[in-house]
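Report on one structure; see the data block that follows.
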Amino acid sequence: MAKTTLKLLALGIIAGSGWGQEVLTLDQAISMALENNRTLRSSALEVRKAQDKLNANRTRQFPSINFYALGAQQLQSFDFTLQKGVLGTYSGTGPLPSEDVHLTTPREPTGMFMGRVVQPLSSLIRIRRNLDTLKTGVELAREQTRADRQKVAREVKRVYYALQQVESSMRSTHQTVVLYQELARLTQNYVIQQVALKSDSLEVETRLAKAEQSESLLLDQRTTGQEQLNQLLGRDVLTGFQIQPIADAMDDSFDLAAARQRALEQRPEVRQAKLRQTQAEQDLRAKKAEYIPDLSAEVNSLSFLNFGQFFPKQSNSVGLSVTWEPFDWGRKKHEAAEKQHIVEQARNSQQDAVNSVILDVNDKYRQLRQSRTQLRVTRLSQETALESMRVTKNKFAVESVLLKEVLQVQVSLEQSNSDYQQALLSFWNARAEFERALGEDQ
């Protein structure tokens, strides 16, 4: 008995080590996770990446300014021959030139500098259609971030509810330990008075040891759960905290038809499916714009260095340039056909997403309803077991029943407590799943 008392005292100290620590509510845990979770931070960066890609492609609408410089050693000279009279024959001077003139450039280092300003004109159509596709990509990234946020919130609820169950089981187990301690004391007295067998005392001691072992295991489970929750919250996994006791079930009811409509409006999967269809249609329009010839306005400036006096020093021009591929052997046609198939796939996926959401809402609604019914049954069973235990314990105190009957009732009480806690946890998990099915962000 002395060893048992010491063990319980040690467990009590460990269990009480959380005194003075912060009490973390579920709402606080979800808010902290949505703000600090590292996975969500990475997901938010995907939105920024998509926005940066959009901003980068917007610059394609503006004039492009290019400079090109070349310094080189000529390997051979440029030779020109101006034949006699090639420039004309005049009455006062005669033919120009009056004889053949040979011109040559020196074989020495030369330089060339070219500046070019190009403003796209007809290709603006294709560029802006591509920009529409990229804008939709930004919205898709945002919806993916919403989905990730909902996933993290769902995981926080799951771990938090599991911790609440562990805490509740610890309280229940501690009550069982206290009860077995009392039974052990009474049984020991009966053994001394020779009204109970030694085996009865040993059986109570064995059950007491098992209850203490269960309490120790629950302590380890609580520590593991706290570490997992801290990881989700994006903080040091060794941070200590306490949680609120598990709340009683709520009696709120939901209209199934309204729930379906709400889910179709809020679920990221449905929004993403619609956006993917829109994006596929925009991509198809951008592909069709490739049939349009590329017409651009250009300003060109070309300068030459050390090419000889007869070579022009600079050339400037303003004009239009056209790039067109009239014969592509059907390449654009097949590429557009591929995009059309992607559009049809996106439409099919959108309808599948709608049906999947409706099925999910229906299933989670039924699970919530069943868990509420199961909780009511286990609560009544628990109340019955508690009353039966109270009556049996009083009878055993006045030697009206045998120890075996007390132990049997205690086993029933432990089972009913476990069933109730499991049903209560199942209810809150089912409610969290139903909220997720509705597309709630928290």
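The values are calculated or read from the model by the stated rules, or taken from the named source; none is laboratory data. All values reported here derive from a predicted model rather than from experimental measurement. Here the Cβ positions follow ideal geometry from the backbone for every residue, glycine too, while neighbour counts run over all protein chains shown.
Tell me yes or no: at least one residue of region 326-333 is in contact (Cβ under 8 Å) with a residue 60 or more places away in the chain and in contact with a helix residue (DSSP H, G or I) (Cβ under 9 Å, 6 or more places away or on another chain).
no
Given 219, 197, 186, which one is of a type in the set (A, V, I, L, M, F, W, C) and closer than 17 Å to residue 172 by Cβ?
219
So, in region 282-320, how many residues would count as being exposed (fewer than 14 other Cβ atoms within 10 Å of the Cβ) and assigned to a strand (DSSP E or B)?
7
Pairs only if they're at least six apart or on different chains, beta carbon under 6 angstrom, first in region 422-442 and closer than 24 Å to residue 168 by Cβ and in contact (Cβ under 8 Å) with a residue 60 or more places away in the chain, second surrounded by fewer than 21 Cβ atoms within 10 Å (Cβ to Cβ) and small (Gly, Ala, Ser); list them, first residue then second.
427/249
Considering every residue within region 213-232, establish whether at least one is among the basic types (Lys, Arg) and either at pLDDT below 85 or surrounded by 16 or more Cβ atoms within 10 Å (Cβ to Cβ) (or both).
Checked region 213-232: at least one residue is among the basic types (Lys, Arg) and either at pLDDT below 85 or surrounded by 16 or more Cβ atoms within 10 Å (Cβ to Cβ) (or both).
Name the one entry in 88, 71, 111 that is without any contact (Cβ under 8 Å) to a residue 40 or more places away in the chain and over 30 Å from residue 277 (Cα atoms).
So the residue among 88, 71, 111 that is without any contact (Cβ under 8 Å) to a residue 40 or more places away in the chain and over 30 Å from residue 277 (Cα atoms) is 88.
When you look at residue 350, is it of a type in the set (S, T, N, Q), loosely packed, with under 15 Cβ neighbours inside 10 Å and over 30 Å from residue 111 (Cα atoms), yes or no?
No, not satisfied.
With respect to residue 209, is the statement that it is under 21 Å from residue 395 (Cα atoms), of a type in the set (A, V, I, L, M) and in a helix (DSSP H, G or I) true?
no
Matching residues to (1) surrounded by 14 or more Cβ atoms within 10 Å (Cβ to Cβ); (2) among the acidic types (Asp, Glu); (3) within 24 Å of residue 231 (Cα to Cα):
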position	(1), (2), (3)
28	yes, no, yes
35	no, yes, yes
43	yes, no, yes
75	no, no, no
89	no, no, no
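So, in region 412-442, of the ones that are assigned to a loop (DSSP other than H, G, I, E, B) and modelled with pLDDT of 75 or more, which residue ends up surrounded by the most Cβ atoms within 10 Å (Cβ to Cβ)?
The qualifying residue surrounded by the most Cβ atoms within 10 Å (Cβ to Cβ) is 439.
Test residue 284 against the criterion of being of a type outside the set (D, E, K, R) and modelled with pLDDT of 90 or more, and give yes or no.
Spelling it out, residue 284 is indeed of a type outside the set (D, E, K, R) and modelled with pLDDT of 90 or more.
Looking for something part of a strand (DSSP E or B), at pLDDT 75 or above and surrounded by 13 or more Cβ atoms within 10 Å (Cβ to Cβ) - is there at least one such residue anywhere in region 119-132?
yes
Any residue in region 222-244 that is charged (D, E, K, R), more than 27 Å from the chain's Cα centre (by Cα) and part of a helix (DSSP H, G or I)?
No, region 222-244 contains no residue that is charged (D, E, K, R), more than 27 Å from the chain's Cα centre (by Cα) and part of a helix (DSSP H, G or I).
Go through region 255-265 and give me each residue that's in contact (Cβ under 8 Å) with a residue 40 or more places away in the chain and either over 14 Å from residue 364 (Cβ atoms) or among the basic types (Lys, Arg) (or both).
Within region 255-265, 260, 262, 264, 265 qualify.
Out of curiosity, is residue 409 β-branched (Val, Ile, Thr) and loosely packed, with under 13 Cβ neighbours inside 10 Å?
For residue 409, the condition - β-branched (Val, Ile, Thr) and loosely packed, with under 13 Cβ neighbours inside 10 Å - is not met.
Name every residue in region 19-37 that is in a helix (DSSP H, G or I) and over 30 Å from residue 133 (Cβ atoms), in order of residue number.
If the condition is that a residue be in a helix (DSSP H, G or I) and over 30 Å from residue 133 (Cβ atoms), then 26, 27, 28, 29, 30, 31, 32, 33, 35, 36 are the ones that fit.
Can you confirm whether residue 311 is in contact with a Lys or Arg (Cβ under 8 Å, 6 or more places away or on another chain), under 19 Å from residue 74 (Cβ atoms) and at pLDDT below 90?
No, not satisfied.
Being under 23 Å from residue 312 (Cβ atoms), among the aliphatic types (A, V, I, L, M) and either surrounded by 14 or more Cβ atoms within 10 Å (Cβ to Cβ) or in contact (Cβ under 8 Å) with a residue 40 or more places away in the chain (or both) is the requirement here; does residue 54 meet it?
So residue 54 does not fit the description; no.
Is it the case that some residue within region 152-168 is assigned to a strand (DSSP E or B) and modelled with pLDDT under 85?
No: region 152-168 contains no residue that is assigned to a strand (DSSP E or B) and modelled with pLDDT under 85.
Can you name every residue in region 82-135 that is small (Gly, Ala, Ser), under 30 Å from residue 304 (Cβ atoms) and in contact with a Ser or Thr (Cβ under 9 Å, 6 or more places away or on another chain)?
Selection gives 85, 111, 115.
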